[in-house]
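Bear in mind that the values in this text are calculations on the coordinates, not laboratory data. In this text the structure is predicted, and so the values were computed from the model without any measurement. So basically every Cβ, Gly included, is an ideal-geometry build from the backbone, and we count neighbours across all protein chains shown.
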Amino acid sequence: MKNYLVLISCACFLIFLIPGRFRKYFAIGGWASIVGYLFLELPYHLSTNNIMYPALTLLSVPFLYITAKHLLHDDPRVMQLSMIAAVAFLIYAPFGYIPALGDWLIAAVTG
């Protein structure tokens, strides 16, 4: 389930890159999927006594609310923030979902 949320977030952010009148809703879907993923990871981080990620998870809820509110009002700063997240996913996706490519990148950087 957790991996599907990352994939949904990736898909939403990539669709957000396509110009259209519904793109802000895909950005909201991308951010909501990330927050959902953080909440699904919460038990693991609590079991390892990691306090930073649970704190970030709790802080992500007001961040999601504020981001969604500003996206619905077409705030250019939040649209640009979502654009940056979409481009980051565009760079991450090939290396994250194709293991051979990810292994090649690690080998190229470390050796």
Open item on the list: If I compute Rg and Dmax of the Cα atoms in Å from the structure I just sent, which labelled value in [x] 15.6, 48; [y] 22.8, 75; [z] 14.3, 43 lines up?
Closed with: [x]
TODO: For the chain, calculate the relative contact order in percent as a whole number, restricting contacts to Cα pairs under 8 Å that are 6 or more residues apart.
DONE: 29 percent
Task: Distance between the stretch 48-102 and the stretch 1-47 - C-alpha centres, whole angstrom - done: 7 Å
Task: Stretchable slack from Asp74 to Ala11, in nm (0.36 nm times residue separation minus alpha-carbon distance) - done: 20.6 nm
TODO: Based on the mean of other Cβ atoms within 10 Å per residue, sort peptides 33-40, 98-105, 53-60 so the most packed one is first.
DONE: 33-40, 53-60, 98-105
Open item on the list: Using a 7 Å offset from the Cα along the Cα-to-Cβ direction at both Phe39 and Lys2, what is the distance between the two label points in nm, to one decimal?
Closed with: 1.6 nm
